[in-house]
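Down below is the structure, laid out as structure tokens.
The values are calculated or read from the model by the stated rules, or taken from the named source; none is laboratory data. No experiment lies behind these values; they were computed from the predicted model shown. Neighbour counts run over all protein chains shown; Cβ positions are idealised from the backbone, glycine included. When the accessible area is computed, the model is the full protein with side chains, heavy atoms only, and any ligands, DNA or RNA have been set aside. Shrake-Rupley method; radii C 1.70, N 1.55, O 1.52, S 1.80 Å.
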Amino acid sequence: MINQPPLLSVAEAQARILARFTPLPTETLPLAVADGRVLAAPAIASDDHPPFNNSSMDGYAVRVADLDSFPGVLPVSGDIPAGSGLPDPLPPGTAMRIMTGAPVPVGADAVVPVEDTDDTATRLGGPLPAQITLKQPITPGACIRQRGHDMRAGQRVLTPGVVLGPAQMGVLAALGQAEVLAHRQPRVALFSTGNELRSAPAPLGPGQIRDVNRYTLAAAIRRYGGVVHDLGLVRDEVEAVQAALADACALGVDVIVSSAGVSVGAYDVVKTALETEGALEFWRVQMRPGKPLAFGRVRAIPFFGLPGNPVSALLTFEVFVRPALLKLGGRARWDKPAHTAVMLEPLESDGRESYLRAVVTWQNGHYTAHSAGDQGSAMLASLVRANALLIVPAEVTHVAVGETLPFWWLYEPTV
Ligand code: AMP
Ligand code: MG
């Protein structure tokens with residue numbers, strides 16, 4: 001007789017899991033290889049950005065007070081390309097040609113774009129004109145990017161826990177930060193259990209199916225910043241699972257994830273192996289899909305035994321493993337933002353907190369949702385049709401057309 005502990009609510013299971021995770025230690029990396037990594041210390045601007053007053057246009061640097069009527073004419077006293085060091089001060093009563101990004105000479109208080117002058121030669125690579133006609137009145141400060149206007153020395157520009165995406169890389173590059181302090185990436189051992197599983201290109205024998213979970217779960221682990229250690233396919237034998245767990249420990253991983261063999265079938269040996277190699281903390285959650293979810297540890301390494309059905313495996317990963325990996329990886333936030341959609345069709349649920357594959361679209365000023373198709377926990381086609389997961393709260397058994405439900409975007413690029 002199998003001792004069946006009470007079902008945990010999703011929130012309780014999440015809380016118990018998250019309590020087991022603390023952010024990984026940090027390491028210093030060259031900026032060039034740090035994208036996708038999680039910043040471990042605030043980024044403080046070491047200098048002003050931009051570092052000097054510079055022109056935002058190709059044009060002429062002038063002193064506004066030198067002109068009292070328009071069109072006005074000034075002799076051209078010099079030429080300032082970008083990257084040519086500090087220019088001489090602007091002689092009174094003259095203009096200097098200046099290119100975008102070049103330092104504004106001392107004495108100049110505006111740049112007049114070349115388009116607002118009679119200079120038609122510069123854009124064709126022509127020589128420096130002897131004088132320039134300025135067609136219209138000029139505002140002091142025009143077309144000058146002031147030193148420190150973007151970021152000031154000493155200013156905190158990035159907070160710890162942010163992921164270094166393209167924008168953050170740009171800020172760190174602009175500030176001349178050659179290295180960054182990032183959290184170490186979570187290392188995750190992954191294996192699939194099941195005697196029926198084969199991976200391509202091995203042909204399928206009678207009664208065999210393709211291993212899906214190692215591919216979906218590896219992709220999900222990497223998406224959330226983890227590094228996968230693939231331990232392959234493991235047979236439904238206690239010794240085989242024990243050996244895989246021992247291999248994972250020997251690799252020194254931070255987390256172990258397996259799929260299948262955690263239900264109440266005759267060959268569901270994962271919990272038994274876990275209890276001999278470590279400890280099982282809980283294994284049933286009031287969630288659909290995915291009731292059997294084993295969580296425990298092998299020595300000190302947290303272990304997730306996800307359900308075998310591919311959709312259950314992936315959705316329990318989203319709900320339980322994802323926040324754990326984000327927290328472990330040093331992210332400032334690990335909760336997934338929920339939005340609200342109006343139902344276009346009725347829904348039935350069994351009272352468990354349910355995650356339904358849905359298509360969400362924006363219509364008439366709000367999100368609307370309909371099912372992405374067969375919600376069976378082995379049905380993969382509706383998973384790729386879906387762009388969202390509708391969350392039907394526990395205890396809710398019927399949702400009518402026009403009622404609203406919370407949803408998550410499935411694979412939001414930023415979380
Ligand atoms: P189990 O939890 O072992 O009873 O597996 C539940 C269902 O998921 C069974 O139909 C298995 O064949 C299937 N399954 C288990 N592991 C995988 C996998 N890695 N890829 C695809 N299907 C799987
Ligand atoms: Mg099985």
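Of the residues that sit in the range 359-406 and are acidic (Asp, Glu) and more than 16 Å from ligand 1 (Cβ to nearest atom), which one is surrounded by the most Cβ atoms within 10 Å (Cβ to Cβ)?
Initially, the range 359-406 is screened for residues acidic (Asp, Glu), giving 374, 395, 403.
Okay, now just the ones that are also more than 16 Å from ligand 1 (Cβ to nearest atom), so 395, 403.
Working: Glu395: 10, Glu403: 13.
The selected residue is Glu403.
Starting from residues that are part of a strand (DSSP E or B) and within 26 Å of the chain's Cα centre (by Cα), keep the ones in the range 252-286 and report whichever is surrounded by the fewest Cβ atoms within 10 Å (Cβ to Cβ). Full working, then the answer.
Within the range 252-286, the first condition is being part of a strand (DSSP E or B), and the residues that meet it are 255-259, 278-285.
Filter again for within 26 Å of the chain's Cα centre (by Cα), leaving 255-259.
Working: Val255: 24, Ile256: 28, Val257: 30, Ser258: 30, Ser259: 31.
The residue in question is Val255.
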Query raised in the report: Are any residues in the range 9-46 closer than 20 Å to Arg156 by Cα, in a loop (DSSP other than H, G, I, E, B) and open to solvent by 70 Å² or more (accessible area, probe 1.4 Å), and if so, which ones?
Result: Asp35, Ser46
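Yes or no, residue by residue, for (1) within 29 Å of Ser258 (Cβ to Cβ); (2) of a type in the set (D, E, K, R); (3) within 16 Å of ligand 1 (Cβ to nearest atom):
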{"position": "Gly170", "(1), (2), (3)": "no, no, no"}
{"position": "Val180", "(1), (2), (3)": "no, no, no"}
{"position": "Arg187", "(1), (2), (3)": "yes, yes, no"}
{"position": "Leu197", "(1), (2), (3)": "yes, no, yes"}
{"position": "Pro206", "(1), (2), (3)": "yes, no, yes"}
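Only residues that are more than 14 Å from ligand 1 (Cβ to nearest atom) and touching a residue at least 24 places away in the same chain (Cβ under 8 Å): list them for the range 289-318, please.
As a first pass, look at the range 289-318 and keep what is more than 14 Å from ligand 1 (Cβ to nearest atom): 295-303, 318.
Correct list: Phe295, Arg297, Val298, Arg299, Ile301, Pro302, Phe303, Glu318.
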**Report entry** Failed item, numbered, when Leu90 is tested on (1) part of a loop (DSSP other than H, G, I, E, B); (2) open to solvent by 20 Å² or more (accessible area, probe 1.4 Å)
**Finding:** (2)
Report task. Please specify each residue of the range 222-251 satisfying the condition of being within 27 Å of the chain's Cα centre (by Cα) and away from ligand 1 (no atom under 13 Å from the Cβ). Result -> Arg222, Arg223, Tyr224, Gly225, Gly226, Val227, Val228, His229, Ala248, Leu251
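Which members of the range 97-149 meet the condition of being open to solvent by less than 70 Å² (accessible area, probe 1.4 Å), in contact with a Lys or Arg (Cβ under 9 Å, 6 or more places away or on another chain) and outside any strand (DSSP E or B)?
Residues satisfying the conditions are Gly101, Val104, Gly107, Ala108, Asp109, Val114, Asp116, Asp119, Thr122, Pro129.
Of the residues Arg214, Arg210, which is out of contact with any Gly (no Cβ under 8 Å at 6 or more places or on another chain) and among the basic types (Lys, Arg)? Spell out the reasoning first.
Values: Arg214 fails: out of contact with any Gly (no Cβ under 8 Å at 6 or more places or on another chain).
Result of the check over Arg214, Arg210: Arg210.
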Query raised in the report: How about the range 309-392: which helices (runs of 4 or more DSSP H) wholly inside it have at least 1 residues that are farther than 21 Å from Ser9 by Cβ, over 21 Å from the mean Cα position of the chain (by Cα) and among the small types (Gly, Ala, Ser)?
Result: 381-385
